[in-house]
1. Count charges around LEU64 for me, please; just the other residues with Cβ under 12 Å from its Cβ, Lys/Arg as +1, Asp/Glu as -1.
2. For the chain, what relative contact order do you get, as a whole percent, if you take Cα pairs closer than 8 Å and at least 6 residues apart?
3. Put +1 on the Cβ of each Lys and Arg and -1 on the Cβ of each Asp and Glu in the stretch 1-66; which of LEU40, ALA2, LEU50 then has its Cα farthest toward the positive end of the dipole?
4. Which order do the peptides 13-22, 107-116, 43-52 take when ranked by the mean count of other beta-carbon atoms within 10 Å per residue, highest first?
5. Under a 5 Å amide H to amide H cut-off, with H placed in plane at 1.01 Å, what residues pair with LEU54 once short-range neighbours are removed?
6. Pulled fully out, how much extra length does the chain show between THR102 and SER10, if you take 0.36 nm times their separation in residues and subtract their Cα-Cα distance?
7. Please compute the contact order of the stretch 1-69 in relative form: average sequence separation of alpha-carbon pairs under 8 Å and at least six residues apart, divided by the residue count, as a percent.
8. Quick check: residue separation of ARG19 and ASP75 times 0.36 nm, minus the Cα distance between them. What number comes out in nm?
Amino acid sequence: MATVLVADDSVLYLHVAGRILAEAGYEVVLARSGHEALDLARTRRPDVLLCDLLMPDGDGLETLRALKGDPALWDVPVYLLTGAEQGDQLDAAAAAADGVLTKPFDRAALLAAVGRHARP
């Protein structure tokens with residue numbers, strides 16, 4: 001079973017994404033910050049990481065850079081989650097990420113993005 005790590009400081013979005021992915025057959029691991037996501041990525045080695053762009057404790061851009069700089073995790077696909085356009089920060093992050101998903105989640109888009117890299 002493929003593992004998807006979801007990092008977001010919003011409990012609501014963690015619940016929504018987690019439920020969609022679990023119902024589709026994925027194992028879901030949840031993190032409330034970028035720092036927690038990195039710790040979990042190192043121990044769980046997810047097949048895909050979905051990471052909120054703006055979080056108070058280790059934002060998505062920092063998390064993305066750390067993950068891509070880690071020799072054991074550089075190849076984990078990362079999708080950034082954002083509630084709105086973030087201008088230059090989003091452009092810079094999107095250039096290094098595998099994609100950007102807009103909140104609120106579109107179920108089909110979320111499953112299609114994850115499905116490009118992992119099957120339940």
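Here, each number is a calculation from the coordinates, and none is a lab measurement. Predicted, not measured: the structure shown is a model, and the values here were computed from it. Cβ placement follows ideal geometry from the backbone for every residue including glycine, while neighbour counts extend to all protein chains displayed.
1. Taking every other residue near LEU64 into account, the sum is -3.
2. 27
3. Farthest towards the positive pole: ALA2.
4. In descending order of packing, they fall as 43-52, 13-22, 107-116.
5. Distant-sequence amide H within range of LEU54: GLY60.
6. Using 0.36 nm per residue and subtracting the Cα-Cα distance, I get 31.7 nm.
7. Details: 112 pairs, mean separation 26.3, N = 69.
Once divided by the residue count of the stretch 1-69, the mean separation gives 38 percent.
8. Details: separation 56, 0.36 × 56 = 20.16 nm, distance 2.53 nm.
Between ARG19 and ASP75, full extension yields an extra 17.6 nm.
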